[in-house]
Structures are given as structure tokens and as C-alpha cells.
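Below is one structure, written out as C-alpha cells; comments come after it.
The values are calculated or read from the model by the stated rules, or taken from the named source; none is laboratory data. Quantities reported herein were computed from a predicted structural model and do not represent experimental measurements. As a convention, Cβ positions derive from the backbone with ideal geometry for all residues, glycine included, and neighbour counts pool all protein chains shown. With ligands, DNA and RNA removed, areas are computed over all heavy atoms of the protein, side chains included. Shrake-Rupley method; radii C 1.70, N 1.55, O 1.52, S 1.80 Å.
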Amino acid sequence: MRLWPNGPVFQQRDFLRLWAAQAVSAIGARITRTALPVIAVLSVDASPIALGVLVTVAVGPSVIVSLAIGGVVDRSRKRPLLVTADLVRAVAVFSLPVAAWTGWLTMAQLYAVAAVVGIGTAVFQIADNAYLPALLAEEHLVTGNSTIEATEAVAEIAGPSLAGLLIQALTAPIAVVIDALSYLASAVLLGSIRKVESPAAVEESPSVWRDIGLGFGASLGDPLVRPLLLATAMATFSGGAFAALYMIYLLTELGLNVATVGVVIAMGGVGSLIGALGSAPMTRRLGLGPALFLFLLLAEAAGLLIPVASASQPTWLVLGFLFGHQLLADGLAVAFMVQSVSLRQRVLPLEVLGRSNAAFQAVNGVALPIGALATGALAGVVGVRSALWISMSAALVAPALLLPLWRVRAFPDRAGSGSALAGLAAAGLTGPASTAPAPAGLTAGLTEPAGPGPAPDPAGPKVPPAGPGRPGS
């Protein structure tokens, strides 16, 4: 029986170092994610409003930085950025036990640590998605992304349980030392990667606003990437609805205890692992476009299992609905993300991939809190269960935005100076577009050639469809 995965990807030492770095920091990140609110409540006696602010500062600054950092990523070597993000996060997290030991721990410091870790994670994710194509050949990107998502899934299963044991045995401020050490280990592993990156292209008069325009221009100007961005925005909006109401519904409406809720959420990690491992074979069977559509459609439809569960039902039936939601929604969402990220890495020019990643990150960071606030307000009017029915039903709009990709059967070649850069040039954001035609691969996966204009827009990531978010390493 073979215990080590087979294939050329797992024979590349540099990818294995990147994989190991993400694995150790993914476990550590779950410890801090669990420990921060515990520290706030038990060590600082934080109020519910303070806890809400803690969540906000962990997300808000990272959205702004995401927009600004994309161009820096594209113009820089990625590995030093990854190492720096790890070291900064390690210092920030390690400040918590130091402050606890000296008696100087305050809510202000928790806000600062949450913001710094959130910003560091955003930088890491943007640079990481842009770095993987430098380590792996295009035909191996799906395997690489699947492997990383599977590791995140294992961390989601094991991390919270390990965090609970460490917090109980060592106290929360001491437990986060493990996370700080994991970031240091990740930095060492990333530093040991031997492949030399090609120098970044030099651009004239770089600016933040130009970078933002390039990121959104590349994403919206490519007929294969634009539906992914629009669908991601809608799916993340529904993910905000989930984040706002899920715990309230399970604990107050359904009457489950905290331990049972923990078991329910752990099933999402199991589903994520299955989705990461099954994404590639299912896509080969269905074709890329249909797979993307069906993955997201079924993931969002699974959200309806939440309000289907009610307090009047026997406990075994309630848990069946909730387990089914976690397994299906998280599993299919991860399967979608593997293919979505791989498609972006395959078709977008490397010169703008970091800025496109930043655009996706920013859209997620804006749509999530808007969805949470809107659904929270709706729940105040119609009740929690009715609000869940409405928001989970509205989430079915997201897969409809992927219909322009239905005819795509396989990954095309990188667009290079084709559609994405031509669209940017037309918008005046780059130099003149190349007069060379787009590579044949851009339309090779289509049953009929793509038209010269934008793909139809029917209505407007670990994407987190209705399922618990998984912060990056």
C-alpha cells in the first residue's frame, strides 16, 4: 500500500517545502483563531461589542491592504514576501504571551494583533497564489492546489480540537506560542526553496490606483475570469449571511450545546478534505465549465439544509441536516475553489496575477461584512429562520453567474498578451495591446469560439459559500 502520494508534483522538493510550510502554519492559525476571542473574554473581560470590533479589525484593514499590495506582489519576487508575512505574524502573535506574562495585556493589543495577522494573511494568500505557477508547470497546478486545499481541510478538522486541548492545558495566551512557532517554521521552510524566481517586470510610474485598475481590469476583462469574480462576490455575500446567523440559529433556535456545535463544524473539515481530493477527477468527468457550475450550485443549495432543521424535529434528524450541510457545502465549495484558482492561474498573465488575486481578496472582504450586516438586519425584522431561508435561497444566484463558462471543457493555455491584456490596453491601463491573436488555447476548450466582446453577464477564495471560513496560513 502506497502511503506517499504519487506523481511528478510530489517529487519536486521546492513544492514539498511550500506544502510543508503551509501545513504547519495552517494548524497554528487555527489555534490563534480559536484563542483570540477566548483571551478577550477570559483575560481582558471583553464585552460583546468589543468582540464584534475584534472580528471587524481582523478583516477590515486586510481589505485595504489587499488592494494596495497586488501590484507590489506582481513587481516583486514572491518568496521574500511570503517569508516576511510569516515573520511579521510570528512577532505579532508572540507579543500576546509576553504581554500576559508581564500583566500588560489589553484589548487594544488584541485589536492590533488581529489586524496585523489579518493583513499578513492577506499578503501571504495573494503572494502564494501568484507564486505557485513559478514552482509548478501549468498541467500540475490543479494537483498543487488540490493538495494545498486538502491540507487546509485536515487543519480545519484537527486545528480547533488541538486548540481546545492546548487552551485548556496551557491557557489561551500560552497556547498561541504554538502558532508563533508555526509561522517561524513556515518561514524557514520557505527560505529553503532553491528555485530562483525570474526578475519581476519593470513598470513605468506604478501607483496604487493603477494597480487596482489593473487587478479589476484583468479580472473583469477576461471572459473566463469575469464570471468567477461575479460568482465569488455573490457567494461571499451569502457566506456573510451564514457567518451572521449560523451560531445563533444552532445555539438559540435549535438548542444545541457548544460541544455538539463543534462536532457539526468539524464535519465541514471532513467535507473539505473529500472535496479537495475529488475535485480533479470530478472535473475530468464533467468538463471544467459544467463542474464549476455544479460544484457551486450544489454547495449553495446545501445551505438550505440549515433552515430545514427545526427545534420541533428529533435531534438525530436535526444533526443529519446539519451534518449534510457541512459535508456538502464545504466539500463542494473547496472543489469549486481548486478549479477556480487553477483557471485564474492558467489564463491570466503572470504580470497581473497578483493584482487579480488582490481584486478577488478585496471583493471577498467587502461582500462578507455587507452580507452579514444585511442579513442581521433582516433577521431582526422577520426572525432568524426566515432570514436564513431568504438568504440561502438568494445564494442560488451565484452559480447562475457561471453559465457563460458552461461550454468550457478543459483548461486553456495562458492568455499572455491576448484577451486580458488587450482589455487592459483598451481601458488605457497598459501600453498598446499586442496585435498578435490570443493563444489558441483560450478558445480551445470552447465548443464554439468566444465572441470578441465580453461574455454575457446574466445578473451581476479555505469563495466561502455557506460554510465556515478557513483563514489562510
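Is it true that some residue in the range 243-258 is surrounded by fewer than 19 Cβ atoms within 10 Å (Cβ to Cβ) and at positive phi? For the range 243-258, residues surrounded by fewer than 19 Cβ atoms within 10 Å (Cβ to Cβ) and at positive phi: present. Listed by position, the helices (runs of 4 or more DSSP H) enclosed by the range 1-108 that each have at least 3 residues that are under 26 Å from Leu373 (Cα atoms) are 13-42, 48-75. For the range 71-97, the candidate set comprises residues that are modelled with pLDDT under 90 and not small (Gly, Ala, Ser); within that set, the residue that is surrounded by the most Cβ atoms within 10 Å (Cβ to Cβ) is Asp74.
All conditions but one from (1) small (Gly, Ala, Ser); (2) more than 18 Å from the chain's Cα centre (by Cα); (3) closer than 22 Å to Pro404 by Cβ apply to Ser186; the one that does not is (3).
Taking the criterion of being part of a helix (DSSP H, G or I) and either open to solvent by 10 Å² or more (accessible area, probe 1.4 Å) or over 28 Å from Ala311 (Cα atoms) (or both), the residues of the range 390-401 that qualify are Ile390, Ser391, Ser393, Ala394, Val397, Ala398, Pro399, Ala400. Residues in the range 27-66 that are in contact with a Leu (Cβ under 9 Å, 6 or more places away or on another chain), of a type in the set (Gly, Ala, Ser) and open to solvent by less than 40 Å² (accessible area, probe 1.4 Å): Gly28, Ala35, Ala40, Ala46, Ala50, Ala58.
Scanning the range 221-262 for residues that are among the acidic types (Asp, Glu) and under 25 Å from Val381 (Cβ atoms) returns a single hit, Glu253. Among the residues of the range 110-139, those identified as more than 20 Å from Val65 (Cβ to Cβ) and buried (at least 18 other Cβ atoms within 10 Å of the Cβ) are Leu132, Pro133, Leu135, Leu136. Scanning the range 124-146 for residues that are among the hydroxyl-bearing types (Ser, Thr, Tyr) and at pLDDT below 85 yields one hit, Ser146.
Counting only residues that are of a type in the set (A, V, I, L, M, F, W, C), out of contact with any Leu (no Cβ under 7 Å at 6 or more places or on another chain) and crowded, with 24+ Cβ neighbours inside 10 Å, the range 229-242 holds 3 of them. Checking each residue in the range 256-284 for being aliphatic (A, V, I, L, M) and not in a helix (DSSP H, G or I) picks out only Leu256.
Could you list, in sequence order, the residues of the range 343-389 that are surrounded by fewer than 19 Cβ atoms within 10 Å (Cβ to Cβ), under 13 Å from Phe237 (Cα atoms) and in contact with a Leu (Cβ under 9 Å, 6 or more places away or on another chain)? Result: Gly376, single match. Identify all residues within the range 151-193 that are more than 23 Å from Phe10 (Cβ to Cβ), part of a helix (DSSP H, G or I) and open to solvent by 50 Å² or more (accessible area, probe 1.4 Å); write none if there are none. Once the filter is applied, which keeps residues that are more than 23 Å from Phe10 (Cβ to Cβ), part of a helix (DSSP H, G or I) and open to solvent by 50 Å² or more (accessible area, probe 1.4 Å), the range 151-193 yields Ser161, Leu162, Leu165, Gln168, Ala169, Leu170, Ile178, Leu181, Leu184.
Every residue, every condition in (1) under 22 Å from Ser391 (Cβ atoms); (2) acidic (Asp, Glu); (3) assigned to a helix (DSSP H, G or I), yes or no:
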{"residue": "Ser312", "(1), (2), (3)": "yes, no, no"}
{"residue": "Phe323", "(1), (2), (3)": "yes, no, yes"}
{"residue": "Asp330", "(1), (2), (3)": "yes, yes, yes"}
{"residue": "Phe336", "(1), (2), (3)": "yes, no, yes"}
{"residue": "Val352", "(1), (2), (3)": "no, no, yes"}
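Contact annotation: residue pairs with Cβ atoms under 9 Å, 6 or more positions apart or on different chains, pairing a residue in the range 242-255 that is over 16 Å from Ala372 (Cα atoms) and β-branched (Val, Ile, Thr) with a partner that is assigned to a helix (DSSP H, G or I) and open to solvent by 20 Å² or more (accessible area, probe 1.4 Å), are Thr252/Val384.
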